[in-house]
1. Give me the accessible area of residue 239, 1.4 Å probe, in Å² rounded to the nearest 10.
2. Once the piece of chain linking residue 145 and residue 228 is laid out straight, how much longer is it, given 0.36 nm per residue of separation minus the C-alpha distance between them?
3. Among all the lysines, which ones have a C-alpha under 30 Å from residue 381's C-alpha, if same-chain residues fewer than 8 places away are not counted?
4. Can you work out the Karplus-derived ³J(HN,Hα) for every residue in region 355-369? Use 6.51 cos²θ - 1.76 cosθ + 1.60 with θ = phi - 60°, whole Hz, and x for glycine or proline.
5. Could you give each residue of region 141-151 its phi-based ³J(HN,Hα) in whole Hz, using Karplus coefficients 6.51, -1.76, 1.60 with θ = phi - 60°, and x for Gly or Pro?
6. What number comes out for accessible area per residue over region 95-137 if the probe is 1.4 Å? Units Å², please.
7. Could you name the aspartates and glutamates in cross-link range of residue 153, using Cα to Cα under 18 Å and dropping any fewer than eight places away on the same chain?
8. For a quick protection proxy, order the peptides 177-187, 346-356 by their average other-Cβ count within 10 Å, most packed first.
Amino acid sequence: MQTSAGNLCIGKVNIGDSPQLNAAHMRASVMELIRRIREKSAGIAVVGLGYVGLPTAAVLAARGFSVVGADIKREVVESINRGESPIGEPGLQELVRHAVEKRRLRAVLSAEEATQESDVVIVVVQTPIDGEKRPDLSALKSACRDVAAGLKKGQLVIIESTIPPGTTRRVVAPLLEGSGLKAGEDFLLAYSPERAIPTRTLQEIQSNARIVGGINEMSARAAAELYRSITSGEVYEESVEVVEVVKLMENTFRDVNIALANELALLCEALGIDVLRAIELANRHPRVNLHTPGAGVGGHCLPKDPYFLINEAKKHGIELRVIEAARQRNDGMPLHVLRRIEEALAAKGKELSNAKVAVLGIAYKGNTDDTRQSPAEPVVKALMERGVEVISHDPHAKQDFGGRFSSNLREVVAGADAVVILTDHDEYKRLNLEELKALLKGDAVVIDGRRVLEKERVERLGMRYFGVGC
Ligand SMILES: NC(=O)c1ccc[n+]([C@@H]2O[C@H](COP(=O)([O-])OP(=O)(O)OC[C@H]3O[C@@H](n4cnc5c(N)ncnc54)[C@H](O)[C@@H]3O)[C@@H](O)[C@H]2O)c1
């Protein structure tokens with residue numbers, strides 16, 4: 001039986017009297033939910049409409065589901081309801097406009113309301129670390145309380161936020177049970193972390209393999225069915241405890257690998273060897289896959305996810321030394337870039353206190369507008385502390401980190417003593433080097449924190465080139 005909101009009604013039976021009857025009804029309601037997911041008639045709520053939540057909501061809507069998104073930011077809700085994406089993810093603008101026009105997607109300010117109207121609730125709010133690098137689950141807890149207020153029997157709740165080990169069962173389930181309903185018996189609860197990479201989020205949501213952990217088999221099965229309806233990749237069902245750790249292992253692997261590349265870059269610089277050429281050749285080995293060194297690691301995932309493991313390990317008396325050292329190495333890269341800037345200005349005979357530096361790239365990653373934990377922030381701030389006049393540019397993001405900012409590249413570069421590239425935006429790979437040289441003051445100097453320019457070409461044009469790892 002279905003309610004007007006499309007939810008499954010098992011309330012006519014006094015389930016407290018008979019566990020067997022309750023289990024049988026739950027099974028029947030799960031089968032019904034799976035059928036409705038397959039038919040795309042299940043209503044979906046997405047709580048948290050940020051870099052992951054909005055693309056997820058838009059893809060589900062494009063696949064034919066009726067989606068209601070919830071976010072506590074009024075400007076985000078209003079923008080989506082106008083059919084405008086507040087996020088600069090490629091392809092998202094068109095998808096959001098289309099979904100809103102077709103009335104398959106709308107946004108509300110209340111997760112409780114979105115939950116009441118849906119069969120499946122996906123929670124994908126931010127999960128940062130605090131000043132002591134411990135997990136800050138306040139947004140997740142608050143979202144779970146709001147969902148609990150609207151929760152009904154037969155619903156499926158999926159957590160997509162990246163979380164520390166044990167969080168689904170120890171933190172999320174009790175909060176949702178504040179509704180008076182029992183996880184795994186009255187409602188289903190699963191965890192399925194997002195693996196998509198910004199700038200390719202829409203493609204990857206629809207093609208990546210997916211891991212789904214349930215607090216019981218039925219929860220994993222129902223959640224897996226939802227992801228099978230949006231991704232062409234394999235969907236793996238597991239226990240929630242395994243999946244929580246798998247997601248953190250994935251991002252920790254990437255962070256440690258980047259740290260290794262960064263460490264080798266420092267050595268290669270000292271040896272006068274180009275680290276990129278060395279990595280290219282090392283990666284021809286069938287079992288080697290070194291990542292790319294650079295000015296540092298940013299974004300909302302890699303700088304904090306390894307701490308979820310480090311923090312958990314400490315509770316068990318284990319020090320994750322490799323992982324901690326990798327975090328420190330990556331966090332130290334902006335400082336290394338700063339040293340290269342100092343070196344470059346000194347080579348030009350320029351004092352820091354009366355130098356002007358043009359910073360190209362404020363976003364943490366190429367072709368995105370996301371500036372969270374961007375290496376540009378410590379670089380800009382440290383330069384300003386040293387009395388340098390800093391002017392920044394970014395074709396996608398707007399942020400000054402306390403310096404000056406302009407979207408006009410020529411204006412930013414004109415009269416600067418040095419140019420520092422901190423983001424591998426496509427625009428910077430296509431820089432007109434002749435024009436760059438003409439705009440810079442005195443001997444032209446380029447510090448390439450992302451190795452987007454060809455050293456030989458820059459030098460052939462008579463400029464000095466300082467790259468990370470060469
Ligand atoms: N950004 C990525 O590339 C990426 C990739 C994989 C996994 N993740 C994980 O996904 C999660 C979300 O990341 P994100 O980058 O989308 O974060 P985000 O900050 O872009 O989005 C989170 C949104 O949730 C909203 N929110 C917070 N509390 C809320 C509440 N109680 N009710 C409703 N909305 C609420 C915020 O206003 C914000 O708009 C994190 O756990 C992150 O680690 C992110």
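The values are calculated or read from the model by the stated rules, or taken from the named source; none is laboratory data. All values reported here derive from a predicted model rather than from experimental measurement. Cβ coordinates were reconstructed from backbone atoms using ideal geometry, including for glycine residues, and neighbour counts include every protein chain displayed. Keep in mind that these areas ignore ligands, DNA and RNA; they rest on the heavy atoms of the full protein, side chains included. Shrake-Rupley method; radii C 1.70, N 1.55, O 1.52, S 1.80 Å.
1. Roughly 40 Å² of residue 239 is accessible to a 1.4 Å probe.
2. Result: 27.1 nm gained on full extension.
3. 73, 133, 304, 348, 350, 356, 365, 398, 429, 437, 441, 455
4. 9, 10, 10, 9, 9, 9, x, 10, 5, 6, 8, x, 6, 10, 9
5. Coupling constants for region 141-151: 5, 5, 5, 5, 5, 5, 5, 4, 5, x, 6 Hz.
6. In whole numbers, region 95-137 has 50 Å² accessible per residue.
7. Within the straight-line limit of under 18 Å, residue 153 reaches these aspartates and glutamates: 17, 32, 112, 113, 117, 119, 177, 185, 186, 217.
8. 177-187, 346-356
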